[in-house]
1. Going through Gly78, Gly96 one at a time, which residue ends up being farther than 19 Å from Ile155 by Cβ, open to solvent by less than 70 Å² (accessible area, probe 1.4 Å), modelled with pLDDT of 95 or more and not acidic (Asp, Glu)?
2. Name, by its number, the condition in (1) of a type in the set (A, V, I, L, M, F, W, C); (2) within 21 Å of Lys240 (Cβ to Cβ); (3) within 12 Å of the chain's Cα centre (by Cα) that does not hold for Met55.
3. Take Arg255 and tell me if it is in a helix (DSSP H, G or I) and exposed (fewer than 13 other Cβ atoms within 10 Å of the Cβ).
4. Filter the range 8-24 down to residues that are free of Cβ contacts under 8 Å to residues at least 40 places away in the same chain and in a helix (DSSP H, G or I) and give me whichever is least open to solvent (accessible area, probe 1.4 Å).
5. Quickly run through the range 29-65 and pick out the residues that are farther than 30 Å from Ile234 by Cβ and open to solvent by 10 Å² or more (accessible area, probe 1.4 Å).
6. Looking only at the range 187-210, decide whether some residue is out of contact with any His (no Cβ under 7 Å at 6 or more places or on another chain), charged (D, E, K, R) and more than 19 Å from Gly118 (Cα to Cα).
7. Please work out if Gly130 is open to solvent by less than 20 Å² (accessible area, probe 1.4 Å) and touching a Gly at 6+ places or on another chain (Cβ under 6 Å).
8. If you go through the range 156-166 one residue at a time, do you hit one that is at pLDDT 95 or above, open to solvent by 20 Å² or more (accessible area, probe 1.4 Å), out of contact with any His (no Cβ under 7 Å at 6 or more places or on another chain) and not hydrophobic (A, V, I, L, M, F, W, C)?
Amino acid sequence: MIAHLINTDIGNRGILKVYLEYRMQNYNFLENAAKILLNNIENVLIVTGFPIPPMNICETDGTLGALALYNAIEKVGGKAEILTYEEVEKALSPFGVKLARNPEVEDYSLLISVETSGKAKDWKYYSMSGLEMKTKPFDNLFLKAKELGIPTIGIGDGGNEIGMGKIRELIKKYVPLGEKIGSIIETDELIVSAVSNWGAYGLIAQASLEIGRNLLENWEERKNLEIIVKAGLIDGVSKKKALSVDGISVEVHERMIELLKEIIKVSLR
């Protein structure tokens, strides 16, 4: 139910077909990711940030998902840090999160990427429209984590993010420009969603069911979006400072949160 909900492809970007085939290959991806999260909350590194070309300004998608995950991990007694770009750090500063700078992978129990660009087959980074991104890469951390046996989770919605290398063939098959933009970087578990923030919220909702506690209970989508937009982050589709994410109005995102909260509430009765 949660996996279906977070893959409602309102933006019509092709991810629904990716999801349906991926679900047949890895039916319990959301449950598996939630178990990985809950079993490795000691010191989690959450990585996010997607600079939109050509202005190279980071988008609102990913940032809120990372913040929600940070809060959820802290609620269940874990520790988390967020690694991101300077402008996203500024946007997150009102929330008092702990930021990571020059992190050593071996210091962490788990790495999670939320809407973070992953290198393509030519080792370049691309937007959904095929524009090359000039960006500081974070994906090498995930390659090193794999070498060290540290678990990783990727969350993405377009195919060009860290983790999507796990299903690159599906990205090539269903996503426009998938052959060019599709990331080659894999993670141990991958959450596919129509909006990456929704993927993070879905992970939190599933973790809530696992532990019997609503970890999304106090999440305020509109208020949090207003804060990061005021700080300068933009909608990745419209490329404007607006109360929307991926071209979808805040009202829709609020309803997504309401539905997830209700699913948790009903399931935990």
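1. Values: Gly78 fails: farther than 19 Å from Ile155 by Cβ.
Step by step, each of Gly78, Gly96 is checked, and only Gly96 is farther than 19 Å from Ile155 by Cβ, open to solvent by less than 70 Å² (accessible area, probe 1.4 Å), modelled with pLDDT of 95 or more and not acidic (Asp, Glu).
2. Of the numbered conditions (1) of a type in the set (A, V, I, L, M, F, W, C); (2) within 21 Å of Lys240 (Cβ to Cβ); (3) within 12 Å of the chain's Cα centre (by Cα), the odd one out for Met55 is (3).
3. Spelling it out, Arg255 is indeed in a helix (DSSP H, G or I) and exposed (fewer than 13 other Cβ atoms within 10 Å of the Cβ).
4. So in the range 8-24, the residues free of Cβ contacts under 8 Å to residues at least 40 places away in the same chain come out as 12, 20, 23-24.
Next, only the ones that are in a helix (DSSP H, G or I) stay: 20, 23-24.
Working: Leu20: 89, Arg23: 26, Met24: 155 Å².
The qualifying residue least open to solvent (accessible area, probe 1.4 Å) is Arg23.
5. Glu31, Asn32, Lys35, Ile36, Leu38, Asn39, Asn40, Ile41, Glu42, Asn43
6. Yes, the range 187-210 contains at least one residue that is out of contact with any His (no Cβ under 7 Å at 6 or more places or on another chain), charged (D, E, K, R) and more than 19 Å from Gly118 (Cα to Cα).
7. Criteria not met by Gly130.
8. Yes; the residues of the range 156-166 include at least one that is at pLDDT 95 or above, open to solvent by 20 Å² or more (accessible area, probe 1.4 Å), out of contact with any His (no Cβ under 7 Å at 6 or more places or on another chain) and not hydrophobic (A, V, I, L, M, F, W, C).
The values are calculated or read from the model by the stated rules, or taken from the named source; none is laboratory data. The structure displayed is predicted, hence computed values, not measured ones. With ideal geometry, Cβ positions are generated from the backbone for all residues, glycine too; neighbour counts draw on all protein chains shown. Accessible surface areas use protein heavy atoms only, side chains included; no ligands, DNA or RNA. Shrake-Rupley method; radii C 1.70, N 1.55, O 1.52, S 1.80 Å.
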